[in-house]
Amino acid sequence: VANTIVQVPPLRMTLRTMVPDMGKWRRSQAYADYMGFILTLNEGVKRKKLTCEYKVSETVEKLLDLLGTLDRWIDETPPVDQPSRFGNKAYRTWYSKLDQEAEALVATVLPESSAPAAQEIAVYLKEAVGNATRIDYGTGHEAAFAAFLCCLCKVGALRVDDQMAMVFRVFNRYLEVMRKLQKTYRMEPAGSQGVWGLDDFQFLPFIWGSAQLVDHPTLEPRHFIEDKVVNEHYPDYMFLECIKFINEMKTGPFAEHSNQLWNISAVPNWAKVNQGLIRMYKAECLEKFPVIQHFKFGSLLSVQPVKP
């Protein structure tokens, strides 16, 4: 794949042609590859703790270094004084650094044989950290990071036995950096439905986090609204780590500020939660025009229809 990179112009959807274009996306090879990737990782982390043993390859270490660099740049780019409370303009300074360096950063992760793919894969990395014009971040940006990892698999940089490390180490570290960005620059949630959405910023850690908890001997969905349970078990489970972050960022009754999650706590078991969240992800994220209008297509994630 890497030696035949072709630059396909990204699919530009406008509201006028939204319906046919969304159909094009759902029928595309990119959609099939992306969803297949999400579900493969979902299976890979079922019934596994964040703290369990798994292989950490050289590529995973390099990805952690890359994310460490993004983290360090936040420290080097403090927020500026400005009249508006949200959307600190220093984020644009931080982002411009990534914009300039993204291709070089991606090149450090790729094997030599896949070096020509750096240009295309770097696009997903730049899309994965939020929007520099609006200074916002949401599930579309999160999807770009998953697409970034998917592309690394396609060019052979990441392998099947990297699955657990991809979620537990790389994606978890990505979440840490995104939370730091959100807090430091007071980023707006992109396309959030507020209390009626699952979460202001993320979705995938709830899917993979609920997979981890499938068949848990003592923790049931009803327990995650208890602070004691969250504080005790969050180091082992991504789902509870997300709940902890919400509890730190929001005040008031949980049922009021996170109504969708509150409803999920009434589901009888984690397998049902996991299946329900996958359905919800497809409907609320992947099939929503405002989220997918910015998705980029190229030779690795192609807009061509799936071959029958």
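The values are calculated or read from the model by the stated rules, or taken from the named source; none is laboratory data. Predicted model only: the values in this text are computed from it and were never measured. Glycine gets a Cβ as well: all are built from the backbone with ideal geometry, and neighbour counts include every protein chain shown. Each accessible area value is taken on the protein alone, full model and side chains, heavy atoms only, with ligands, DNA and RNA left out. Shrake-Rupley method; radii C 1.70, N 1.55, O 1.52, S 1.80 Å.
Computed over the chain with a Gaussian network model linking Cα atoms closer than 10 Å, the most mobile of Gly130, Gly36, Gly138 is Gly36.
Once you order the gyration tensor axes a ≥ b ≥ c over the Cα atoms, which shape class does the range 209-272 get: rounded for a/c under 1.5, otherwise prolate or oblate by comparing a/b with b/c? It is oblate, given that a/c is not under 1.5 and a/b is not larger than b/c.
Normalised by 2.2 N^0.38 Å, where N is the number of residues, the C-alpha radius of gyration of the range 168-308 stands at 1.12.
In the chain, Cα pairs under 8 Å separated by at least six residues give a relative contact order of 31 percent.
The mean accessible area for residues of the chain, using a 1.4 Å probe and ignoring ligands and nucleic acids, is 46 Å² per residue. Starting from the Cα gyration tensor of the range 41-117, take the square roots of the eigenvalues, sort them a ≥ b ≥ c, and report rounded, prolate or oblate (rounded when a/c is under 1.5, otherwise prolate if a/b is larger than b/c, else oblate). Since a/c reaches 1.5 but b/c is at least a/b, the shape of the range 41-117 is classed as oblate. Of interest is the spacing of the C-alpha centroids, which for the range 112-171 and the range 60-74 amounts to 13 Å. Projecting the Cα atoms of Phe201, Gly36, Pro235 onto the charge dipole of the chain, computed from C-beta unit charges around the Cα centre, puts Gly36 farthest toward the positive end.
Each helix, a run of at least 4 DSSP H residues, gives -39500 (n - 2.57); summed and divided by the residues of the chain, these come to -15500 deg cm²/dmol at 222 nm. Could you pull out the pairs from Lys250/Lys288; Lys46/Lys126; Lys24/Lys296; Lys62/Lys154; Lys180/Lys250 whose alpha carbons sit more than 22 Å apart here? Where the Cα-Cα span goes over 22 Å, the pairs concerned are Lys250/Lys288; Lys46/Lys126.
Using a 1.4 Å probe on the protein chains only, how many percent of the accessible area of the range 173-261 belongs to carbon and sulfur? Carbon and sulfur atoms account for 49 percent of the accessible area of the range 173-261.
The simple Förster model, with R0 at 22 Å and r as the Cβ-Cβ distance, assigns Asn263 and Arg85 a FRET efficiency of 0.15. Taking square-rooted eigenvalues a ≥ b ≥ c of the alpha carbon gyration tensor, is the chain rounded, prolate or oblate, where a/c under 1.5 means rounded and, failing that, a/b exceeding b/c means prolate? Rounded. Label sites at Arg222 and Thr93, each approximated as a point 7 angstrom past Cα along Cα to Cβ, lie 5.2 nm apart.
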